[in-house]
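The values are calculated or read from the model by the stated rules, or taken from the named source; none is laboratory data. Bear in mind the structure is a predicted one, so any value in this text is a computation, not a measurement. For neighbour counting, all protein chains shown are included, and Cβ atoms are generated from backbone atoms with ideal geometry for every residue, glycine included. Just the protein is used for accessible areas: all its heavy atoms, side chains included, with ligands, DNA and RNA removed. Shrake-Rupley method; radii C 1.70, N 1.55, O 1.52, S 1.80 Å.
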Amino acid sequence: MAKRQKVIAGNWKMHKNLDEAMQFFKEIMPIVNECSDKVYIAAPFTHLKTLCDNFKSSNLVIGAQNMNDASKGAFTGEISAFMLKDVGAKFVLLGHSERRHIFGESNEFINKKVKRALTDNLQPVLCIGETLEERESGHMKDVLQSQLEDCLNSVTADQLNKMLIAYEPVWAIGTGVTATAEQAEEAHRFTRKLIENKWGKDISDLIPILYGGSVTPDNVKILMEQVDIDGVLVGGASLKSDSFAKIINYQTIKV
Ligand code: PGA
């Protein structure tokens with residue numbers, strides 16, 4: 001079986017000014033350059049051009065946190081995939097739980113964005129995950145299935161092969177409560193099986209599935225040891241270079 005790409009991703013959300021972002025990268029680049037995994041940073045729109053121009057490395061991938069599904073037009077305040085590509089962004093987070101729950105984005109809308117990003121050669125990182133209520137009422141798997149299948153409606157196997165998936169249980173995001181390694185692995189295994197059933201084993205064997213939700217230097221190692229966890233999507237702990245550096249170097253952490 002081919003080896004899956006490992007990805008350590010940071011999602012800065014609405015944090016950092018440009019000076020702080022530049023400083024972070026100056027501190028982290030030596031570690032990124034040494035790392036055998038890919039390091040993704042989803043930065044605020046306003047920083048993308050400067051970061052993409054200044055920090056290049058075969059291991060570093062800079063991207064955005066959102067985009068609109070249209071190619072262009074009268075959509076005040078929105079950003080297109082074309083514009084993101086134009087400033088050097090390589091990927092875009094889509095379907096993050098904050099977009100779903102705070103901004104009311106539906107699976108159908110996220111699906112349009114996924115297809116637009118693919119058409120414009122921007123890598124979609126599709127986030128899925130259940131709320132606490134959905135988990136406790138026994139609906140975790142139904143939610144993952146409908147989010148995955150609806151957000152990937154009419155996406156081909158070749159297209160899916162270019163994407164990343166992130167499992168982020170909503171109850172673990174920004175709460176300090178992380179899923180246990182077993183809970184995360186169960187959801188990842190289930191998601192990979194869904195992909196196999198619909199798009200085939202070649203794709204399901206290869207597609208990286210990241211875990212997100214209160215990842216820290218203390219829990220990253222055990223999460224990364226799980227068979228179906230190929231990376232992490234880190235919010236809070238990606239904001240400080242020292243904690244993110246430890247996460248990138250998870251293999252050296254002693255537990
Ligand atoms: P967190 O955020 O690590 O702060 O929980 C994760 C995310 O929102 O992607």
(Q) Under a crude label model (7 Å from the Cα following the beta-carbon direction), how far is Leu132 from Thr156 in nanometres? (A) 4.4
Q) Where a Cα-Cα gap under 14 Å defines reach, which aspartates and glutamates qualify for Lys254, not counting those fewer than 8 residues away within the same chain? A) Asp218, Glu225
Q. Under 15 Å from the 7 Å Cα→Cβ point of Asp242, by amide nitrogen: which residues of the range 18-43?
A. 24, 27-28
Q: Report the full-extension gain for the segment Asp142 to Ser36: residue separation times 0.36 nm, less the Cα-Cα distance, to one decimal in nm.
A: 34.6 nm
Q: Would you pull out the residues with amide H under 5 Å of Val92's amide H, same chain only if 5 or more places away, H placed 1.01 Å from N?
A: Ala64, Gln123, Val125
Q: Using the Karplus curve 6.51 cos²θ - 1.76 cosθ + 1.60 with θ = phi - 60°, work out ³J(HN,Hα) for each residue of the range 49-56 in order, rounded to whole Hz, and write x for Gly and Pro.
A: 4, 5, 5, 5, 6, 8, 10, 10
**Q.** Accessible area expressed per residue, the range 14-88, with surrounding protein chains retained (probe 1.4 Å, Å²)
**A.** 54
Q) Once you sort the root eigenvalues of the Cα gyration tensor of the chain as a ≥ b ≥ c, which label holds: rounded (a/c under 1.5), prolate (a/b larger than b/c) or oblate (the other case)? A) rounded
Q) Say we join alpha carbon atoms closer than 10 Å with springs in a Gaussian network model of the chain; which of Ser204, Ser137, Ser238 then has the biggest fluctuation? A) Ser137
Q: Quickly estimate the mean residue ellipticity at 222 nm for the chain, helices only: each DSSP H run with n ≥ 4 gives -39500 (n - 2.57), and the total goes over all residues, rounded to 500.
A: -12000 deg cm²/dmol
Q: Report the net charge of residues surrounding Leu164, where surrounding means a beta-carbon distance below 14 angstrom and charges are Lys +1, Arg +1, Asp -1, Glu -1.
A: +2
**Q.** Whole-percent carbon and sulfur share, accessible surface of the chain, 1.4 Å
**A.** 51
